[in-house]
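The values are calculated or read from the model by the stated rules, or taken from the named source; none is laboratory data. Quick caveat: nothing in here was measured; it's all calculated off a predicted structure. Quick reminder, even Gly has a Cβ in these numbers, built from the backbone with ideal geometry, and neighbours come from all protein chains shown.
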Amino acid sequence: MSLRDLRGRTAIVGVGTAGCGEAHGMSDLEILSQAAKAAVEDAGLAMKDMDGLCTANLNSAMWPLNVVECLGIRPKFVDGTNIGGAAFVAHQLPAMLALNAGLCDAVLVCYGSTQRTATFGRKERTAARNILDPNPFEGPYQPFNPPSSYALIAARHMYQYGTTRRHLAEVAVAARKWAQLNPEAFSRDPLDIDTVLKARMISDPFSAYDCCLVTDGAAAYVMTRADRAKDLKKKPVLILSNATAAWHRSVSGMRDLTVTPSKESGERAFAAAGLGPKDIDVVQIYDAFSINTILALEDLGFCGKGEGGPFVENGAIAPGGKLPVNTNGGGLSCVHPNMYGAFATIEAVRQLRGECGERQVKGAKTAVVNGNGGTAASSQSTSVLATAGAL
Amino acid sequence: MQTNEQGGAEARYQAALNEGRFSIQRCNDCHKHVFYPRVVCPHCGGASLAWVEPKGTGTVYSTTTVRRKPEAGGDYDVSLIDLDEGVRMMSRVEGVPPAEVKIGMRVRAKVVDNKGAGLVVFAAEEAK
């Protein structure tokens, strides 16, 4: 079996989010449960129908066990792979294989984090991880990660290709303009390029607005075989392909800071889908930092290497621009609870269903989702999605 | 492969640094240099990695100034350095303000004491 054989044979049939922004007093598992329930109901299924599970969490090494116990499910297929925030896109390929091999009938992909409001939040987790999972060859230099690693990537891109802080700011402003059309987005105040440029610096060349939000949030979606999807509640969104590339852990292990694993995952995903960037109506890129959007547009082939800065100029990826990118507001302005991959996937599904209200991309039939994981564009996973009518 | 009482590659690297010596590895099979230290060559899969002393010179591949409040110590540099042997490492460039560390700058390694442990940092060649 090749990746191409799986084209269009699996569908996303239910999506749900919960606790986005601030979920005071709630736990990771509680908002995950709410999102899972919403996704299952959106599909017209019941929790007991979930006989496959993909999930991961930054605080818990055996997180799938927490989830099966809490939801009361007994999955026949479990994938707890954690390659960072790309995981919830990368979970698709193993799930596609399991579903089409007949090992299970419905896979629940789910995530939840209350990093913003939890007592044991981001700061405490970082300190604990430095003990449990140290990086002895970077730690002593105190990079403020993840911002510093992506800042090193951005600085090199600027040096090699003439990319500017203004180009980076265009990405942040475009994300904000989409967020202003999305009632569920966390940051919706007006934002302009000068404000981004003059904001408090974090790790050069990034100001605070070049960095993703720190929010709570949970997301879940349900996958089934395409033949079964036809009989469910909502219009299915077909997965034409999914491919993942994992290249390194740390920024010092990244060979060329201007080329990300999306170059590989994108090529494989587009080849299996039988589509190219020109065929794509809407793009969801995991924008942990403003540079991520520029790199992904280049590495997925929406523009040439080094042309990402000029590509995003003059509102080109904002509402009304030439390419709709991160239509929910992305990790920069909508939601970012540590790991964002499932949220990017869900926004693509909502666009292809036509459920996006004011921010709806009219007639969207195809979408690409590009997950990003790790502290240095370490792993990335690309999916090509389409409506049934687009095939 | 080093699995004896002298410790693994990481332990031996740090032990040398603690005595003020900066060492990297070179694969006896494919002859490429390796950093960080490990027990299997990431280039060819070989398990015979020898310790060599690098020239100590290199070039800044990328750099960022991490912003920190003055009362916490102020801004500091984090850079990626390409050693002339062809390996890359994270470090910092000392002796010039963080904002003056530039990509392409030639730098030289030195071993300093970091809370009782040896640590490789770099100084700008021009600033010697």
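A few remarks follow.
- Remark: residue A:228 matches the filter, which requires a residue to be among the basic types (Lys, Arg), under 30 Å from residue A:104 (Cβ atoms) and out of contact with any Ser or Thr (no Cβ under 6 Å at 6 or more places or on another chain).
So that you can scan it fast, the table gives a plain yes or no per residue for (1) touching a residue at least 12 places away in the same chain (Cβ under 8 Å); (2) of a type in the set (A, V, I, L, M); (3) in a helix (DSSP H, G or I); (4) buried (at least 24 other Cβ atoms within 10 Å of the Cβ):
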{"position": "A:269", "(1), (2), (3), (4)": "yes, yes, yes, yes"}
{"position": "A:312", "(1), (2), (3), (4)": "yes, yes, yes, yes"}
{"position": "A:322", "(1), (2), (3), (4)": "no, no, no, no"}
{"position": "A:345", "(1), (2), (3), (4)": "yes, no, yes, yes"}
{"position": "A:352", "(1), (2), (3), (4)": "yes, yes, yes, yes"}
{"position": "A:363", "(1), (2), (3), (4)": "yes, no, no, no"}
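- Of the strands (runs of 3 or more DSSP E) lying entirely inside the stretch B:30-120, the ones with 3 or more residues being within 13 Å of chain A (Cβ to nearest Cβ) and modelled with pLDDT of 95 or more are found at B:57-66, B:76-83, B:88-91, B:106-114.
Matching residues to (1) more than 12 Å from the chain's Cα centre (by Cα); (2) free of Cβ contacts under 8 Å to residues at least 24 places away in the same chain; (3) in the same structural domain as residue B:118 (by TED's automatic domain parsing); (4) surrounded by fewer than 20 Cβ atoms within 10 Å (Cβ to Cβ):
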| residue | (1), (2), (3), (4) |
| --- | --- |
| B:64 | yes, yes, yes, no |
| B:69 | yes, yes, yes, yes |
| B:73 | yes, yes, yes, yes |
| B:82 | no, no, yes, yes |
| B:90 | no, yes, yes, no |
| B:95 | yes, no, yes, yes |
| B:98 | yes, no, yes, no |
| B:107 | no, no, yes, no |
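- Counting the residues of the stretch A:189-206 that are buried (at least 17 other Cβ atoms within 10 Å of the Cβ) and charged (D, E, K, R) gives 1.
- Pair list, Cβ under 9 Å, 6 or more apart: the stretch A:35-64 residue at positive phi, other residue part of a strand (DSSP E or B): A:44/A:13; A:44/A:14
- Only one of the listed residues (A:59, A:66) is modelled with pLDDT under 95 and not assigned by TED's automatic domain parsing to the domain that holds residue A:266. That residue is A:59.
- In the stretch B:37-58, the residues that are within 12 Å of the chain's Cα centre (by Cα) and surrounded by 16 or more Cβ atoms within 10 Å (Cβ to Cβ): B:37, B:54, B:56, B:58
- Selection within the stretch A:128-178: residues that are surrounded by 24 or more Cβ atoms within 10 Å (Cβ to Cβ), assigned to a loop (DSSP other than H, G, I, E, B) and not acidic (Asp, Glu). The member of this set that is farthest from the other protein chains (Cβ to nearest Cβ) is A:163.
- Residue tally, condition in contact with a Phe, Trp or Tyr (Cβ under 6 Å, 6 or more places away or on another chain) and more than 21 Å from residue B:6 (Cβ to Cβ), over the stretch B:33-78: 2
- Residue list for the stretch A:77-106, restricted to those being under 18 Å from the mean Cα position of the chain (by Cα) and assigned to a strand (DSSP E or B): A:79, A:83, A:85
- Selected residue [farther than 18 Å from residue A:158 by Cβ, at pLDDT 95 or above and of a type in the set (Ser, Thr, Tyr)] from A:293, A:327: A:327
- Total residues in the stretch A:179-206, condition touching a residue at least 40 places away in the same chain (Cβ under 8 Å) and within 14 Å of chain B (Cβ to nearest Cβ): 5
- Verdict on residue B:30 being over 30 Å from residue B:97 (Cα atoms) and either among the acidic types (Asp, Glu) or crowded, with 19+ Cβ neighbours inside 10 Å (or both): no
- Taken together, the residues in the stretch A:127-159 that are of a type in the set (Asp, Glu) and closer than 13 Å to residue A:252 by Cα amount to 1.
- The set of residues in the stretch A:238-280 that are of a type in the set (S, T, N, Q) and within 13 Å of another protein chain (Cβ to nearest Cβ) comprises A:250, A:252, A:258.
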